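Structure record follows, encoded as structure tokens.
Nothing in this text is a laboratory measurement; each read-out follows from the coordinates by a stated rule. Fair warning: this is a prediction, and the values are worked out from it, not measured in the lab. Neighbour counts are summed over all protein chains in view; Cβ atoms, including those assigned to glycine, are modelled from backbone coordinates with ideal geometry.
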Amino acid sequence: MICISVTPTSRKLAKVDLLNASRHCDLIELCLDHLAKEPDVGEMISGIDKPILVSCRRVEDGGHWKGTDEDRFQWLRNAIVAGPAYVELDLETAKRIPRFGDTKRVVSYTSLDRPLNNVDSIFEEAAGVKADVVKFTWPTTTLEAAWPLLVAVSKKSNLPAVGIGLGGSGITFSLLGRRYGSPWIYAALEKGMETHPEQATVWELDEIYGWSGIGPKTRFVGVIGSGHASITMIKILNRCFQEVDVDLRCLPLQPESTGTLSKMLDILKIKTMIINPHVGDLLSNFADQIEDSVQKSGYADLLLKRPDGWHAYNCISRAVLKSLEKSLGKGADNEQPLDRRNVLLIGANALSKAIAHGIIRRQAVLSVTGPDDKLAQQTAKAMDIRYVPFANLYDTLADVVIISEENLALGHRKQEFNSSYLRPHMTVLEFKDYPLPSVLTDESRVRNCQLVDCIDIFLDQLGVQFKSIVGQELPRDLTRDMLSEAMSEAL
């Protein structure tokens, strides 16, 4: 089930909020702590066709209650008399308010600054105050922080558990909670109505993460990285998994380190990880077996678990070369497209190294620069190519410009890129918002540069990854249509 929390500040508008939420969820949490005066809960929930969970949380529990504890206890007692399906009570409040009628008790444990310890004893305490459900809330900025919360929810116990993960790995916990049978997970009705930062909306759960199709037998593909590129990849892959009828879903992962990652992946039965191109260096050393291009560039965008351990692959390098050479065409005397061309990489990261690895073998004259001169120097040394100080960029001739710096700022200042550098004779390939076009795409088009299509690169890269996972070809037409839709939404 999905639970949507509504936080009305007006008793008159509360019913409207409840009705709106009822169309999109299975359970509604009515948060009383945002109201200035005690409401008539019975009147509020009358006519609502979904079960109601009533809460009134203190500030230290993530709520907005500003009154006395005695007044809060009285509000909750009166709310229970109205007969909601559930009432949420912290441990101390549960000791003060006995069970009444058919209303079930959700006993909550909240820590806003760190994960809770000794989960087993918490279940014992909750049982002691007649809990029907145990609820946990704590920060889940990384997979490691979310792990105890997942263990709590998946734990075989007489008391079912639900939870809220605060932070980037909250969605990871929610998807796994669905997989392991948590009674419900929490979601926002729409953007701007989140109860905590980074909470997923109902639309995101279904349209991006395919939440409704996750069941006890669903297998997960780990996706490392965050941001627009990862979200686009997850949405497309999940839709393609459905298209070819395989019970797979993408699971966003934000590991803090690789120390316990292998063990956690084994427990979750994850045998494949796809890595956002902009963080391709995160797990290149995690694998037991590394192909040559990964070894030399420190970049990997696909990891597969084989009988002899994890294998790391670089899928994007070949895709870039294919599209780049197609755009350039054959040179004079039937020369290879990149032979003796001046290629400038703007960006000093693992993606730059991965691209450089392929281009070097094509006999191009390759240089690298970036806003961070130290990093650019290190990249040049690692790949044995020419280094260009960023201040000297505008004096550097280039036939091909490849922009791999995700956070490249545009402008006229010292560490910013002035797009006037782009000239009509240049071939431009940019990854700023890969796989979607960015403002640099528009700048390149306005200046009559020849643009290399990132969509073709993405289709080739994702096609290799998809086939490695399911053994079938990527539904390219569906993927292209979804990318077109994503581009329209981005504009």
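Couple of notes before you dig in:
- Principal-axis tilt of helix 316-328 within the chain, Cα atoms, nearest 10 degrees: 50 degrees
- Taking trypsin sites (Lys or Arg not before Pro) across the range 398-478, the ones in a DSSP loop with at most 14 further Cβ atoms lying within 10 angstrom of their Cβ are Arg413, Lys414.
- Antiparallel bridge percentage (DSSP; both residues within the chain; nearest 5): 10 percent
- Cross-link pairs Lys269/Lys432; Lys50/Lys130; Lys217/Lys432 - those with Cα-Cα distance over 29 Å: Lys269/Lys432; Lys217/Lys432
- Helix 454-470 and the longest principal axis of the Cα set of the chain meet at an angle near 60°.
- Of the trypsin sites (Lys or Arg not before Pro) in the range 250-337, the ones in a loop by DSSP (not H, G, I, E or B) with at most 11 other beta carbons within 10 Å are Lys269, Lys330.
- Residues of type aspartates and glutamates that Lys12 reaches as a straight line, Cα spacing below 18 Å, ignoring anything fewer than 8 places off in the same chain: Glu29, Asp33, Glu38, Asp40, Glu43
- Environment charge at Arg23 (Cβ cut-off 10 Å; Lys +1, Arg +1, Asp -1, Glu -1): 0
- In the range 16-94, trypsin sites (Lys or Arg not before Pro) in a DSSP loop with at most 13 other beta-carbon atoms within 10 Å: Arg23, Lys37, Lys66
- Listed residues Tyr313, Thr110, Asn342: farthest to the positive end of the dipole of the chain (Cβ charges): Tyr313
- Near-label residues of the range 414-449 by backbone N, under 18 Å of a point 7 Å along Cα→Cβ of His228: 417, 419, 429-446
- Estimated dipole of the chain in Debye, rounded to 20 [Cβ of Lys and Arg +1, of Asp and Glu -1, Cα centre]: 480 debye
- Neighbour counts of C-beta atoms inside 10 Å place Met426, Met1 in the sequence Met1, Met426, starting with the fewest.
- Rounded FRET efficiency, nearest 0.05, which uses the C-beta distance separating Lys104 from Tyr394 and R0 of 51 Å: 0.15
- Counting only alpha carbon atoms, the long axis of helix 69-81 and the longest principal axis of the chain meet at about 80°.
- Between the range 398-477 and the range 104-138, the alpha-carbon center distance in angstrom: 48 Å
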